[in-house]
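Below: the structure, in structure tokens.
None of the figures in this text is laboratory data; all of them are computed from the coordinates on show. Here the structure is a predicted model, which is why all the values come from computation and not from measurement. Don't worry about glycine lacking a Cβ; one is built from the backbone with ideal geometry, like all the others, and counts go over all protein chains shown.
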Amino acid sequence: MGPLVWSLLGLVGLVALVLLLGVRYIPNNRIGIVEKRWSLVKGSVRSGLLALNGEAGYQPEVLRGGLHFLLPVQYKVHVMPLVTIPQGKIGYVFARDGVPLEPTQVLASNETVHDVQDVVNFLRRGGQRGPQRRILREGTYAINLVQFVVITAEKVFSLPMSRDESAVIERMAHFINERGGFQPVVISNSEDLIGVVTVHDGPSLPSGEIIAPVVGENPLDAETYHNNFQDADHFLKAGGGRGRQYQVLVEGTYYINRLFATVELIPKTVIGVGMVGVVVSYTGKSGPDLSGQEYRHGELVAKGRRGVWDEGLLPGKYAFNSYAGKVLGVPTTNFILKWIRAEAGAHGFDENLAEVSLITKDAFEPRLPLSVVVHIDYRKAPLVVQRFGDIKRLVEQTLDPMVAAYFKNVAQTRTLIELLQERSAIQQQASDEMRAKFAHYNLELEEVLIGTPASVEGDTQIEVILAQLRSRQVAVEQIETYGRQEQAAVKERELREAEARAQMQTRLTESELDITVRTNQGKADYQRSLQEAAQIRAMAEAQAEKVARVGIAQALATEEQVRAYGGPQFQVTQEVLTRFAQAIETAGVDVVPRVMIGGGETGGGNIMEALLAMLLSDRLGVPVQAAAERSPAAEAERQKVLASLQTSGSAPATAR
């Protein structure tokens, strides 16, 4: 081969080598940043950092994954990683090139440029250099790391330019991390917190203002709606300024640029049950006084105005910015103020109160503990705060001297004993008289409670008086006790009797039943006896009537018989003889001997003879002696009687 051939082969090899050296391979998870070393036509970049018109320098476009051919001598490719922002993280962008920031600016505006991946558009539409207001959310970005430095929690994405710049970027990353800027602001529902935002960019607040007013809250106004400070450009366009903001953040997640605004979490304002929150606002426009012309203790203003709001906050939770005002809790339930040195209520209004020092009418110097029950109408709570500032100041500067003076005056009109014994009356009087004074301060006095007066340390005179009173009371109580014991003894005796009666109740019941049965039986017997008696009486009456009739008949017969016999004496004699004859007949004895020997005519005889003689003398009306002389008539009668006697079997023996 000749020299020409070798020259051609060398030239071909050189071209092939150049072509091979100019091929650039960019992995798909990388980008290539092109640096142009020289340009014969455009020359070098005259201003800025990037060559927007093909000049020598860093080119704005990046190379994505694949094969790319660039002249090896003219171009240099810097292979860099894609910018990746993890889920739930935030990336911050720092522009090395662009329009300088205004003197009042802290961060570069992104109002006209939104895509940091389009460097040409960013620079040509007025993108500003420095830290940007717009942040990067989760995702992967192909960003020219010569124009932009992206700072994340894990690393800094950048093509280093110098050591000094790297140190600045590291300090910025550390500063953002201190503010917790790589994580979004998360306000949990369970923590009862709100976020107070402080903006570090934009115009300053007017003189005299301590907090920035609310701007751009309406979501319908897309030009000014800043979405809770997450869109810094819209916030500033709506008129927002730097400083602490009146608007607060409530529960939620917020992606806020911490270089633009920081968030401080503070507790919500909680108004408990039985309380009302009186708002003293430090911000807002001045408003008319709503308390009236005659009220000269301060001004009441409408809600949202500067001053004391005329409407309090009712029980609940409020997202109230405590930097914009103060909420004073005023109890609306009854609360007790204790004038007792060692005691104080949970509210702490009376922690500086002590017992009232008194001087009584009899020169004793006791200390009087007091308790005053007070109520505040929730509608009048703003007036109380407006007048006194807070409840504790009201208690210490007004109520304490007023109450102490009142009871000092009361003590001077009473002795120590009266002060002790008239406690109830003094309480009632104090409640009635002090109620009007409390009402003058928009307070409602419910009750005044007086404790037991006590002596100062080292003074025992009051204790002596109290000991005497106790001795008297003990004596009275002993008398009462003895009386009660006596009553108890009586009751005990009654109890014992009742128990014994209860134990004997069965026997009593049985005996009562037995008495009832016997009574009923007696009544039955009585009725039966009455019936028998009536029966007997009826029979007796019938028998008596029968007997009476028989008797009457007998009487008539007897009367006739007597008349026939010649008189009653003869009848009696005959009756005697009849009975005598019946007796002899019943006995079966021979009264008259069957054989009798007589001694003469007139001497001797027997009893029958005597009876006959009496009968005959009576019938005939002659003496016995004469009757003895037997006349024919007497002898005939005598024989008749003897015949009747013999017929009955008891005739006397014939005289011999």
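Below, the figures for the structure above:
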item: Spin-label model distance (nm) - LYS303 vs ASP432, 7 Å beyond Cα toward Cβ; result: 4.3 nm
item: Within the range 67-92, backbone nitrogen closer than 20 Å to the virtual label 7 Å beyond the Cα of ASN177 toward Cβ; result: 83-92
item: Cut-off 19 Å (backbone N to label point 7 Å along Cα→Cβ of THR140), residues of the range 29-70; result: 29-33, 62-68
item: Sorted peptide list for 521-528, 125-132, 411-418, criterion being average Cβ within 10 angstrom, highest first; result: 125-132, 411-418, 521-528
item: Cross-link pairs beyond the 32 Å C-alpha cut-off, checked among LYS285/LYS392; LYS76/LYS155; LYS317/LYS380; LYS155/LYS326; LYS89/LYS285; LYS36/LYS89; result: LYS155/LYS326; LYS89/LYS285; LYS36/LYS89
item: At R0 = 60 Å, FRET efficiency that the Cβ-Cβ distance of LYS42 and SER190 yields, to 0.05; result: 0.45
item: Computed E for ARG579/GLN531 - FRET, C-beta separation, R0 41 angstrom, nearest 0.05; result: 0.55
item: Point-to-point label distance, VAL79-ASP390, nm (Cα→Cβ direction, 7 Å offset); result: 6.8 nm
item: Label point distance in nm, ARG507-SER162, each placed 7 Å from Cα along Cα→Cβ; result: 13.0 nm
item: Radius 14 Å from Cβ of GLY272, net charge of other residues (Lys, Arg +1; Asp, Glu -1); result: +1
item: Ordering of 35-44, 311-320 by burial proxy (mean other Cβ atoms within 10 Å per residue, highest first); result: 311-320, 35-44
item: Candidate aspartates and glutamates for bridging to LYS303, where Cα separation is under 15 Å - those fewer than 8 sequence places away on the same chain excluded; result: ASP289, GLU311
item: Low-density loop positions, GluC sites (Glu not before Pro), the range 187-240 - DSSP coil, at most 16 other Cβ in 10 Å; result: GLU209, GLU217, GLU223
item: Net charge, ALA319 excluded, C-beta distance under 11 Å - Lys, Arg +1, Asp, Glu -1; result: 0
item: Rg and Dmax [Cα atoms of the range 268-329; Å; Rg one decimal, Dmax integer]; result: 12.0, 36
item: Contour excess over end-to-end distance, with Cα ends at LYS491 and SER424 and 0.36 nm allotted per residue; result: 20.5 nm
item: Residues ASN227 and LEU4, FRET efficiency given R0 of 51 Å [Cβ-Cβ distance, rounded to 0.05]; result: 0.10
item: Candidate aspartates and glutamates for bridging to LYS338, where Cα separation is under 17 Å - those fewer than 8 sequence places away on the same chain excluded; result: ASP350, GLU351, GLU355, GLU396, ASP400, GLU444, GLU446, GLU447
item: Segments 483-492, 59-68, 164-173 sorted - mean Cβ within 10 Å per residue, highest first; result: 59-68, 164-173, 483-492
item: Proximal charge balance of ALA56 [Cβ under 14 Å; K/R count +1, D/E count -1]; result: +3
